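Inspection log for the structure reproduced underneath, given as structure tokens.
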Amino acid sequence: MHRPNPGPTHIATPLRRQHLMALAALAATACLLPGKTVHAQAWPSKPVTLVVPFAAGGTTDVLARALGEKLSTALGQPVIVENRGGAGATIGADYVAKAAPDGYTLLMGAVHHTIATSVYKKLSYDFQKSFSPITTVALVPNVLAVSATTPAKDVKELVALIKTVPDKFSYGSNGAGTAQHLIGTQFSTAIGQPVLHVPYKGSGPLTTDLLGGQVSMSFDTITPVLPHIKAGKLRALAVTTAKRSSSLPDVPTLQEAGFAGFDIGTWFGVLAPARTPADVVARLNAEMVKVIQSPDFKKRMQDIGAEPIGNTPAQMAEQIASDTTRFAKLVADHKITTD
């Protein structure tokens, strides 16, 4: 007796069930593999490290911790500040340049890195190519400061003292190839008298030695020395920017003191390793700019003599390129080398 063809069956046989379970397991595994989905795991899913390429206590460190505190809340993950000082901020930069470009290791960079490019001939990274700029956090003027026990009350009197007893004067910096080193060399050239350069790993140890008389003067940023200037332990003789600082309105510029050509301040900004995903850079920029433009952060910057910025990655990249070219000429003109 003929039986009609029942057509294809949809009843899963034991063998078919095993096959379907195997396919489901493979699909689930694929979702866990890196790169198999656009966002298998939302960023950030763990703490972010912000590397400060100087010792603790300086302006870079102060800014990083102020930013990191607020950024932790915005990102919902801890932002850990890690100090990796030495070699004019190049050790910390090298560490971040070689880190995974995943948004979890960042650099608190500074104008020093655009100078170091010309001073250090064998850097293992290219500051313009090895990093993805995120935003400039703040600009801080540099200031010529001496101990309150120094007889000089202004720059003219300081120059006279240096020329009288040149062997007794020295200036400290945050390391060879930093803005302080460049300003100090430019100042020595301007007065026609070499002044001994003493490099440190950061503003913290430099300020300690300046207070203790181990170095005669510094051209550091305002932040680490401002409390000591207000306390009468240090004396500010001039700022190195083209205009006066709102934190030290009575202190003249070096140009006003008779030294033309001085216009160097120190900017600080955050960068990620090159090839960090664009969406991560955009998120970091957005959150950081919100922090930088917030009233409480602006007040904090005012208290330490800093001017908050908060620009775009493209604007920061343009600043880096401009400064690298500008300082290359100054380094060549003044024959600045690592010493």
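The values are calculated or read from the model by the stated rules, or taken from the named source; none is laboratory data. Please read all numbers here as calculations on a predicted model, not as lab measurements. Heads up, the Cβs are rebuilt from the backbone with ideal geometry, glycines too, and the neighbour counts pull from every protein chain shown. These area figures cover heavy atoms from the full protein model, side chains too; ligands, DNA and RNA do not enter into them. Shrake-Rupley method; radii C 1.70, N 1.55, O 1.52, S 1.80 Å.
What are the semi-axes of the equivalent ellipsoid of the range 216-311, taken as the square roots of 5 times the eigenvalues of the Cα gyration tensor, listed largest first and rounded to whole Å?
Numbers: eigenvalues 200, 53, 28 Å².
Result for the range 216-311: semi-axes of 32, 16, 12 Å.
Which whole-Hz ³J(HN,Hα) couplings does the range 213-226 yield from phi under the Karplus relation 6.51 cos²θ - 1.76 cosθ + 1.60, θ = phi - 60°, glycine and proline marked x?
Rounded to whole hertz, the list is x, 6, 10, 7, 7, 8, 10, 6, 5, 5, 3, x, 9, 4.
Can you pull out the trypsin sites (Lys or Arg not before Pro) in the range 244-306 whose DSSP state is coil and whose Cβ has at most 15 other Cβ atoms within 10 Å?
R275
From the phi angles alone, apply the Karplus equation (6.51, -1.76, 1.60; θ = phi - 60°) to the range 144-155 and give each ³J(HN,Hα) in whole Hz, x where the residue is Gly or Pro.
Using θ = phi - 60°, the values come out as 7, 10, 10, 5, 5, 7, 5, x, 5, 9, 8, 5 Hz.
Of the heavy-atom accessible surface of the range 138-201 (probe 1.4 angstrom), what whole percent is carbon and sulfur?
Values: 1480 of 2460 Å².
Answer for the range 138-201 is 60 percent, counting heavy atoms of protein chains only.
Note down the relative contact order for the chain as a percent, whole number, built from C-alpha pairs under 8 angstrom at least six residues apart.
Details: 648 pairs, mean separation 83.9, N = 339.
Relative contact order of the chain: 25 percent.
What percentage of the solvent-accessible surface of the range 73-136, computed with a 1.4 Å probe over protein heavy atoms, is contributed by carbon and sulfur atoms?
Values: 1250 of 2440 Å².
On the range 73-136, the fraction of accessible area on carbon and sulfur atoms equals 51 percent.
How many angstrom lie between the Cα centre of the range 154-192 and the Cα centre of the range 70-147?
Centre-to-centre (Cα) distance: 26 Å.
Tell me, what % of the accessible area of the range 264-339 is carbon and sulfur with a 1.4 angstrom probe? Mind dumping the intermediate values first?
Numbers: 2060 of 3670 Å².
About 56 percent, which is the carbon plus sulfur part of the accessible surface.
For the range 147-255, what is the accessible area per residue in Å², given a 1.4 Å probe and the full set of protein chains?
Details: 4430 Å² over 109 residues.
On a per-residue basis, the range 147-255 sits at 41 Å².
Give the residue list of trypsin sites (Lys or Arg not before Pro) in the range 110-177 that are DSSP loop and have at most 15 other beta-carbon atoms within 10 angstrom. Each step should come with its number before you reach the end.
On the way: sites: K121, K122, K129, K153, K156, K163, K168; in loops: K121, K122, K129, K153.
For trypsin sites (Lys or Arg not before Pro) across the range 110-177 that sit outside H, G, I, E and B with at most 15 neighbouring Cβ atoms in 10 Å, the list reads K121, K122, K129, K153.
From the C-alpha coordinates alone, can you work out the Kirkwood hydrodynamic radius of the range 84-150, in Å?
Details: mean 1/r = 0.0727 Å⁻¹.
One over the average 1/r among Cα pairs gives 13.8 Å for the range 84-150.
For the chain, give the share of DSSP beta bridges that are antiparallel, in percent and rounded to the nearest 5; count only bridges with both residues there.
Percentage antiparallel, nearest 5: 60.
Give me, ordered by chain and number, the residues 5 or more places off V81 or on other chains with an amide H under 5 Å from its own placed amide H.
Placed amide hydrogens put L50 under 5 Å from V81.
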